[in-house]
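Below: the structure, in structure tokens.
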Amino acid sequence: MIRFPGTVLSQEQADFIRDSGIRGVCLFRGNMTDAQQLTKLTTDLRAAMGSESLIGIDQEGGAVVRSLWVPAPPAAMGLGAANDTDLSRRTGAAVARAVKALGFNWNFAPVLDLNNNPDNPVIAERSFGADPYRASELALAWMEGSEAEGVACCVKHFPGHGDTSVDSHRDLPTVDKPLAELDRFEFAPFRAAAPHAPAVMTAHIVYPQIDPDNPATMSRPILHGILRTQWNYQGVIITDGMDMHAIAGHYGVGPAAVRALVAGADMVMALGTTETQNETLDAIAAAIDDGTLPIEDVQAKLARLSALARRYPCQAHEYTRDTADRAVMAEGWRRSLTALGDVQRPAAGSKVRLVARQDVVSDGVSEAGVPAAVVADSLRRLYPDVELVTFADADSFDWSALPQDGRFTFLASTSRLRYGAHPRANWKPDLHLALWNPYQALDIDAPALMTYGFARPALDAINAWLSGDIEATGRCPVPGF
């Protein structure tokens, strides 16, 4: 599986796909502008790849979405806060209807990582929670909804990325837990999903108690030994992006691809450049030639991929459920809204102040956060006099310099980054709007509303609460709240 830049499939790219036997493409935000363009692109990709095309997308919900104009799904942790399997199932179905209409047949979701580490820099609200049993129920309900609409899911990141403080996009994490603890906690959702999930994505993480020498992506004891043999998993195993620093920076993309396939993966996600994709292709071809990858194993991998593509054919079509699906998503955002502490609404007509960071950033996995001006404009729908104050650096912003003028002061957190010592000690908003990472609500000594994401329906849910139309009934499904 590859990625490529741009919003159109050039003749050169199409020739590369045909000549190289590429059967999978993953599309990202940079490949998309609108429904018409994206539908044309997926149509052209099918023409280049053939009838067994696999066209993938990360449309998880919350901050990890690629198509931004379709109904915005709540994050997994938001659904965990709502704690309703029927809502989770309806959300998965609505996500699938939108991406299927655009020509996708494979969605790299839901996340089965159990997030019990407040310092996790990359999972957090992408997880359904920390309880293995309930998180599994909610995630599998989401997957059932997607399956019913004909879109293959891919649970991730096996065997668990939740208890790390390192982002595998940037370095190689380690989870050094005894096997019994892994089996009871991290493994539990994946074991529950194994009889049902069409595909599983590997984690670029070392688990020393199982295999001290290889990350899971390249570990035969983990992929073949646990997933295939112990759990009798029959679906497709795909690696996470092999361009991530945890792999490319430590092992090299070509050798790592071969090691992943030998370990038990069926498909390598080669998301680098054309140069690194060719390096990957050459390494795989050489491994087949010299017997490192036995041809009977290759044929079994190809058969599993063919079965996936035949079971979930991709064909763009008109999307007719936009209004109904937006209602499902709005319900999820409202029911996930979570209060921490003694939250108070400013009176109608109050003068308010909004403090938020100047820039909106992406961590490379998520989309960029909501601009401060957008949050301010949302609040102005209720409070005409909103003073916006922005900061460039949280660690140097002087909260005490704000005027003591009686304005009700909101802090809106619009990035995934946790706060450091300075804001933790000195910032005193009247109400903290934690619009992304819920753990930020623990950083600031103030009442908070947590939305688990920053899409427009999240801001609408906050306004509904501020207006007194709804209560914040969500319950954060991780320890510490």
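Rule-based calculations on the coordinates, nothing more; no lab input. As the structure is a computational prediction, the values presented were derived from the model and not from experiment. A quick note on method: Cβ atoms are made from the backbone with ideal geometry, for glycine too, and the neighbour counts reach across all protein chains shown.
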Neighbour-count ranking [beta-carbon atoms within 10 angstrom, fewest first] of 128, 187: 187, 128
Crossing angle, helix 35-49 versus the chain [Cα axis fit, 0-90 degrees, rounded to tens]: 20 degrees
Sites residue 380 and residue 359 - FRET efficiency at Förster radius 25 Å, r taken between beta-carbons, to 0.05: 0.75
With Cα atoms, 0 to 90° folded angle of helix 295-311 axis to the chain main axis: 50 degrees
Residues with amide H under 5 Å from that of residue 387, placed H, sequence gap 5 or more: 352, 353, 354
Added length on full extension, which subtracts the Cα-Cα distance from 0.36 nm per residue, residue 326 to residue 345: 4.2 nm
Distance between modelled label sites at residue 20 and residue 292, nm, 7 Å Cα→Cβ extension: 1.8 nm
Separation between Cα centres of region 237-269 and region 1-80, rounded to whole Å: 20 Å
Sequence-distant aspartates and glutamates (8 or more away, or on other chains) whose Cα lies within less than 16 Å of residue 428: 342, 395, 398, 405, 443, 445
Rounded tilt (10° steps) of 322-336 against the dominant C-alpha axis of the chain: 60 degrees
Over region 10-99: Rg over Rh, Cα atoms, Kirkwood Rh: 1.07
Shape of region 338-450, Cα gyration tensor, a/c cut at 1.5: rounded
Phi-based couplings in Hz for region 455-460 (Karplus 6.51, -1.76, 1.60; Gly and Pro marked x): 5, 3, x, 5, 5, 5
Amide H within-cut-off set for residue 59, under 5 Å, with H built and near neighbours excluded: 108
Fewest-first sequence of 243, 469, 325 by Cβ atoms within 10 Å of each Cβ: 469, 243, 325
Calculated [θ] (222 nm, deg cm²/dmol) that DSSP helices of n ≥ 4 give over the chain, each run adding -39,500 (n - 2.57): -11000 deg cm²/dmol
Residues with amide H under 5 Å from that of residue 432, placed H, sequence gap 5 or more: 411, 448, 449
